[in-house]
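Accompanying notes for the structure given below.
The values are calculated or read from the model by the stated rules, or taken from the named source; none is laboratory data. Quick caveat: nothing in here was measured; it's all calculated off a predicted structure. FYI the Cβ positions are ideal-geometry reconstructions off the backbone, even for glycines, and counts take in every protein chain you see. Calculation scope for accessible area: heavy atoms of the full protein, side chains included, ligands and nucleic acids excluded. Shrake-Rupley method; radii C 1.70, N 1.55, O 1.52, S 1.80 Å.
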Amino acid sequence: MAPRTTFQAGGCARILLEPTSEQEILAALAWTMERNIPLHPIGKGSNLVVSDRGWDGAILLVGKGLAGVEFDGPVAMVRSGTMLTDLVMQSIRRGLGGIEMLAGIPGTVGGAVYIDAGAYGQEFRDRCRTVRSCTRDGVLVERCASECDFGYRTSIFRHNDEIILSATLELVPGDTEELRTRIRDMQQARRDKQPLDKPNAGSLFKRPPGGIASKIVDEAGLKGFRVGGAAISEKHAGFAVNLGGATAQDLWDLSCEVIRRVEASHGITLEREVVFLGEF
Ligand SMILES: Cc1cc2nc3c(=O)[nH]c(=O)nc-3n(C[C@H](O)[C@H](O)[C@H](O)COP(=O)(O)OP(=O)(O)OC[C@H]3O[C@@H](n4cnc5c(N)ncnc54)[C@H](O)[C@@H]3O)c2cc1C
């Protein structure tokens, strides 16, 4: 799974399924269910690390095969395999904003719904109206946003095992050039502050109540702290980077040690934002 995740580490999945339609997703669910094979959906793998021992089941890759956006005025119906950047770019070409700050997040719409992705004051839930998904036994479900239990880096989909198929968003009319400028500034800010030159999985930890994870990790003296090939970035203490040859276990062990040291120095228990799949 290393080439399928932005941290570029981890072992193999027993089966990789790459559906190109919702019917194929339903077929994949039925096929794995009949054989009692565990199934895990992924998008772009930008918030995910798979165990070095692999995943003894099927990975359902919800990506290019399930991408696309349709507009009806300010409402966008977007399929879950669509990259957030593509959604934003297509929206601003129509003079629609409200999600432009999400353009720098290197994941899919499915991944964004799952975690209620957000950046620079905009959260996915702010513009989301409905989400369509299907249960493991193939039942299609449509929820309005208030039923999705969105919260800081969480949603109902973190707990219910459903496959996210699509979402509708109500966007905000704006000036295309102004929106482009905001995106350029935001992307420059990301390049200046984040270690985008090294493989990483975004923020390793969630923001703890009343604090900022990167500031706390920095204060604990952990910038540059290293386990094997994984290290807390010297540039931004909220990110862990792969310095070359890191294993998934290195990242897990690094996160455990950072949690332990921050508990000792600050009395705060950091919670991982990155999803670790399989045995660690
Ligand atoms: C450089 C960098 C910067 C980042 N900046 C931000 C940021 O500013 N804000 C932010 O919120 N995040 C950020 N992230 C994290 C990440 O990009 C987001 O969380 C993104 O939404 C994950 O999408 P994905 O497609 O990569 O999901 P994946 O990593 O593939 O999956 C993450 C989780 O979502 C679930 N999932 C994915 N697709 C589906 C689906 N269709 N149905 C059901 N479950 C699904 C998976 O099962 C998994 O548990 C950043 C990451 C990187 C590498």
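Extension gain for the segment Asp72 to Arg53, taken as residue separation times 0.36 nm less the Cα-Cα distance, is 2.3 nm to one decimal.
Length gain on complete extension for the stretch Arg184 to Arg94, per 0.36 nm per residue less the alpha carbon to alpha carbon distance?
Difference between extended and current length: 30.6 nm.
Gain on full extension, evaluated as 0.36 nm per residue between Thr269 and Arg158 minus their Cα-Cα distance, stands at 37.9 nm. With each label modelled as a point 7 angstrom along the Cα→C-beta vector, the Lys64-Cys256 pair spans 3.8 nm. Placing pseudo-labels 7 Å out from each Cα toward the beta carbon at Arg136 and Thr85 gives an inter-label distance of 3.4 nm. For the chain, the number of Lys pairs separated by eight or more positions or lying on different chains, with C-alpha atoms closer than 23 Å, is 18.
Summing +1 for each Lys or Arg and -1 for each Asp or Glu, what net charge is found among the other residues whose Cβ lies under 13 Å from the Cβ of Arg153?
On the way: positive: Arg125, Arg158, Lys206, Arg207, Arg272; negative: Asp116, Glu123, Asp149, Glu271, Glu273.
Counting the neighbours of Arg153, the net charge comes to 0.
Averaged per residue, the chain has 45 square angstrom of accessible surface, using a 1.4 angstrom probe with ligands and nucleic acids left out. Normalised Debye scattering of region 130-234 at q = 0.11, 0.12 Å⁻¹ gives log10 I(q)/I(0) of -0.63, -0.74, counting only Cα atoms as equal scatterers and leaving out solvent. For region 171-280, the orientation-averaged shadow of the C-alpha convex hull comes to 8.8 nm² (one quarter of the hull surface).
Carbon and sulfur: what percent of region 1-78's accessible surface (1.4 Å probe)? Walk me through the numbers on the way to the answer.
Values: 1990 of 3800 Å².
After summing per-atom areas, the C and S share lands at 52 percent.
Can you pull the one-decimal nm distance between simple spin-label points at Glu18 and Arg129, each 7 Å off the Cα toward Cβ? About 3.3 nm separates the two model spin labels.
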